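Novice: Can you read through this structure? Questions will come right after.
The values are calculated or read from the model by the stated rules, or taken from the named source; none is laboratory data. Since the structure is predicted, the reported quantities are computational estimates derived from the model, not experimental observations. All Cβ positions, glycine included, derive from the backbone under ideal geometry; neighbour counts span all protein chains shown.
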Amino acid sequence: MNRESLLGRLKSDGDSWDVIVIGGGATGLGIALDSASRGYRTALLEQADFGEGTSSRSTKLVHGGVRYLRGGEVGLVRESLRERGLLLKNAPTLVHPMPFLVPAYRWYERLYYGIGLTLYDLLAGKLGINSTGHLDRGEALERIPNLRKEGLYGGTLYWDGQFDDARLAVAIAKGAADHGAAVVNHCRVESLQREDGKIVGVNARDELTGDEVSLRSRVVVNATGVFSDQVRRMDNSEAKAIIKTSQGIHLVLDGDFLGSDHAIMIPSTDDGRVLFAIPWLNRVVIGTTDTGGVDIELRPKALEDEIEYLLEHMGRYLARAPRLEDVRSVFAGLRPLVRPAGSSGDTSRISRNHEIFVSEGGLMTIAGGKWTTYRYMAEEAVDRAAELAGLESRPCVTGEIELGSEGVGLSGAERIGDSLPYSWNDVERAVKEEMAMTVDDVVSRRTRALFLDVKAAEEVAPKIAERMADLLGKGDDWISAQLASFEDIASAYRPPTSQSPSSAESEGS
Ligand SMILES: Cc1cc2nc3c(=O)[nH]c(=O)nc-3n(C[C@H](O)[C@H](O)[C@H](O)COP(=O)(O)OP(=O)(O)OC[C@H]3O[C@@H](n4cnc5c(N)ncnc54)[C@H](O)[C@@H]3O)c2cc1C
């Protein structure tokens with residue numbers, strides 16, 4: 001996948017697209033893969049990097065969503081479990097099964113959660129992973145040694161999937177490009193083209209060079225997540241909002257806070273939320289929150305209250321409770337929920353279903369849903385887009401497409417940092433084959449260094465900038481600008497008390 005040649009195609013084929021997708025998160029990338037693999041001429045424009053919005057900031061679960069069973073959303077759970085099964089089959093290097101323990105501190109909890117999770121297994125049918133089972137106290141502690149012992153009866157063990165969200169986004173982008181789609185990152189749609197009242201294309205700007213790009217297409221699909229209303233208002237400035245955002249944050253801790261390859265799921269905290277502690281790339285990710293009323297931003301920032309909330313509530317279930325100074329990195333994401341008519345303020349109760357909207361001018365918007373269901377969302381979206389564009393109807397084939405055959409990792413090569421599970425080969429591949437254009441693209445999404453350990457990421461960033469400059473033929477000015485921008489981005493991942501190496505230095509001097 002090479003940006004220069006894809007951008008070249010975008011420009012040379014400017015008038016002849018069947019489907020243009022705006023937005024390169026899970027939703028848009030899925031649509032590009034689906035559309036291109038049906039043989040439609042497809043272009044995708046992402047204003048930042050692939051997955052840089054919500055799609056790199058998830059809890060990293062490929063799951064049916066046990067908690068939606070409580071709300072009676074059996075259809076959504078069944079659909080998600082089917083997609084979980086397909087992802088485990090089609091992307092085995094990026095998605096893997098993970099055992100989850102639901103600890104029981106009340107005598108009836110094992111029975112109660114055991115019944116719910118057995119139903120979850122049944123709904124998965126043939127695509128199920130492993131059966132739900134009961135654990136006694138000793139077995140629960142054997143699986144997760146740092147579980148709080150006082151009052152523990154045992155637990156329920158069930159299975160779900162776990163993945164690396166940004167890596168899957170890149171794998172889908174590559175899959176789409178392999179099937180002929182022109183997928184371009186760092187290219188922002190600024191306005192829509194209209195003819196006789198109909199949307200017929202987009203005007204975009206290459207964010208790396210400032211060049212303008214004009215493209216025409218038979219249908220334009222808006223897959224911009226929390227930005228959906230902004231794009232809808234390029235079509236109709238009076239368009240009513242359909243998106244309600246909700247922020248969720250995660251804290252990343254050292255792996256020994258679980259000391260296990262099992263995750264913990266707390267189905268209901270005393271204020272009714274679901275919490276997870278999940279092993280991920282030798283660390284533990286804990287989350288999440290559900291905070292309404294935050295600004296819509298590409299790079300949202302965790303609130304101190306949210307950090308305190310997670311530390312306090314997760315601390316109740318761990319023998320060695322995490323403190324602020326144990327936090328290696330903090331990341332925040334915004335859920336693009338579809339606003340139900342007359343919705344209440346409580347975003348945790350809004351359905352995670354997706355919806356498709358078509359404006360009078362023919363702009364198609366798809367929003368809501370989950371990472372887990374991206375493939376099915378894309379299938380529905382492309383069926384509808386083909387109908388709108390008058391394209392020949394062709395069947396969806398993404399259920400059979402393999403994704404991400406090569407993973408990143410150490411593979412015997414020199415590490416980029418002592419505490420980071422990546423090698424310099426990964427950096428080189430990111431630039432040469434995965435369209436990483438900025439230091440942040442490499443440090444945050446081709447590797448997950450910034451998500452795993454903000455301090456280690458800041459330490460290695462200058463060396464990565466130099467290596468990238470060599471590979472991309474850039475000079476010192478590029479390195480300085482990249483590092484300044486990265487420092488700014490990294491500041492949102494720092495837990496409130498820790499400082500960047502440079503700010504600590506300047507205070508000390
Ligand atoms: C805290 C949290 C935890 C979650 N955990 C899970 C989980 O464990 N499992 C799961 O299945 N789901 C999870 N989700 C849900 C899942 O992450 C989202 O449903 C999914 O990532 C949304 O993808 P998207 O493509 O719709 O949005 P995004 O990923 O935000 O993509 C939209 C893209 O559009 C781009 N864009 C915007 N405007 C323009 C423009 N003018 N021109 C070009 N590009 C533009 C943006 O830059 C962005 O990259 C979680 C969500 C959150 C917030």
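Novice: When you check L311 against the structure, is it on the phi < 0 side of the Ramachandran plot and either in a loop (DSSP other than H, G, I, E, B) or more than 15 Å from the ligand (Cβ to nearest atom) (or both), yes or no?
Specialist: So L311 passes the test.
Novice: Counting only residues that are at positive phi and not basic (K, R), which one in the stretch 52-97 is modelled with the highest pLDDT?
Specialist: The selected residue is G65.
Novice: A further question follows. Among R328, R335, which is among the basic types (K, R), modelled with pLDDT of 95 or more and over 30 Å from E79 (Cβ atoms)?
Specialist: After applying the criteria, what remains is R328.
Novice: Six or more apart or on different chains, Cβ atoms under 9 Å: show the pairs whose first residue is in the stretch 457-483 and outside the structural domain of N425 (by TED's automatic domain parsing) and whose second is surrounded by 14 or more Cβ atoms within 10 Å (Cβ to Cβ) and modelled with pLDDT of 95 or more.
Specialist: Taking only residues 6 or more apart or on different chains, not a single pair turns up.
Novice: Quick one: in the stretch 306-339, which of the residues that are within 28 Å of D229 (Cα to Cα) and not hydrophobic (A, V, I, L, M, F, W, C) is surrounded by the fewest Cβ atoms within 10 Å (Cβ to Cβ)?
Specialist: R339
Novice: Going residue by residue through the stretch 395-407, is there one that turns out to be more than 29 Å from G175 (Cβ to Cβ), modelled with pLDDT of 95 or more and either in contact with a Phe, Trp or Tyr (Cβ under 8 Å, 6 or more places away or on another chain) or not in a helix (DSSP H, G or I) (or both)?
Specialist: Looking for residues that are more than 29 Å from G175 (Cβ to Cβ), modelled with pLDDT of 95 or more and either in contact with a Phe, Trp or Tyr (Cβ under 8 Å, 6 or more places away or on another chain) or not in a helix (DSSP H, G or I) (or both), one finds none in the stretch 395-407, hence no.
Novice: Only one residue in D34, D49 is at pLDDT 95 or above and within 13 Å of the ligand (Cβ to nearest atom), so which one is that?
Specialist: D49
Novice: For the stretch 1-79, please list each of the helices (runs of 4 or more DSSP H) lying entirely inside it that holds at least 1 residues being in contact with a Gly (Cβ under 8 Å, 6 or more places away or on another chain).
Specialist: By residue number, 26-37, 66-70.
Novice: Select from the stretch 251-261 the residues that are more than 21 Å from the chain's Cα centre (by Cα) and not small (G, A, S) and list them in ascending order.
Specialist: If the condition is that a residue be more than 21 Å from the chain's Cα centre (by Cα) and not small (G, A, S), then D254, D256, F257, L258, D261 are the ones that fit.
Novice: Ok, one more. Scanning for something in contact (Cβ under 8 Å) with a residue 24 or more places away in the chain, surrounded by fewer than 20 Cβ atoms within 10 Å (Cβ to Cβ) and either among the acidic types (D, E) or assigned by TED's automatic domain parsing to the domain that holds Q230 (or both), does the stretch 296-305 turn up at least one residue?
Specialist: So far as the stretch 296-305 goes, yes, one or more of its residues are in contact (Cβ under 8 Å) with a residue 24 or more places away in the chain, surrounded by fewer than 20 Cβ atoms within 10 Å (Cβ to Cβ) and either among the acidic types (D, E) or assigned by TED's automatic domain parsing to the domain that holds Q230 (or both).
Novice: From the list Y40, Y113, Y68, Y120, exactly one residue is within 14 Å of the ligand (Cβ to nearest atom), more than 19 Å from the chain's Cα centre (by Cα) and touching a residue at least 12 places away in the same chain (Cβ under 8 Å). Which is it?
Specialist: Unique residue meeting the criteria: Y68.
Novice: Condition first: among the charged types (D, E, K, R) and within 15 Å of the chain's Cα centre (by Cα). Now tell me which residues in the stretch 311-339 satisfy that.
Specialist: Listed by number, the list holds a single entry, R335.
Novice: Here's something else I'd like to know. Which numbered condition trips up T93, out of (1) farther than 19 Å from I129 by Cα; (2) away from the ligand (no atom under 16 Å from the Cβ); (3) of a type outside the set (K, R)?
Specialist: For T93, the failing item is (1).
Novice: Also, quick follow-up: Of the residues that make up the stretch 186-201, is at least one buried (at least 24 other Cβ atoms within 10 Å of the Cβ) and either in the same structural domain as D326 (by TED's automatic domain parsing) or out of contact with any Leu (no Cβ under 8 Å at 6 or more places or on another chain) (or both)?
Specialist: No, that holds for no residue.
Novice: Among the residues of the stretch 139-178, write down those that are surrounded by fewer than 20 Cβ atoms within 10 Å (Cβ to Cβ) and under 30 Å from S37 (Cβ atoms).
Specialist: Answer for the stretch 139-178, where residues must be surrounded by fewer than 20 Cβ atoms within 10 Å (Cβ to Cβ) and under 30 Å from S37 (Cβ atoms): just D178.
Novice: Provide a single number: the residues in the stretch 268-283 that are more than 12 Å from Q162 (Cβ to Cβ) and surrounded by 19 or more Cβ atoms within 10 Å (Cβ to Cβ).
Specialist: 3
Novice: Another question, then. Please work out if L61 is in contact with a helix residue (DSSP H, G or I) (Cβ under 8 Å, 6 or more places away or on another chain) and more than 10 Å from the ligand (Cβ to nearest atom).
Specialist: Here the answer is no, as L61 does not meet what is asked.
Novice: Could you pull out the residue among V443, V454 that is surrounded by 23 or more Cβ atoms within 10 Å (Cβ to Cβ), touching a strand residue (DSSP E or B) at 6+ places or on another chain (Cβ under 8 Å) and under 26 Å from D254 (Cβ atoms)?
Specialist: Being surrounded by 23 or more Cβ atoms within 10 Å (Cβ to Cβ), touching a strand residue (DSSP E or B) at 6+ places or on another chain (Cβ under 8 Å) and under 26 Å from D254 (Cβ atoms) holds for just one of V443, V454, which is V454.
Novice: Quick check on D164: is it farther than 30 Å from E360 by Cβ and either touching a strand residue (DSSP E or B) at 6+ places or on another chain (Cβ under 6 Å) or among the acidic types (D, E) (or both)?
Specialist: yes
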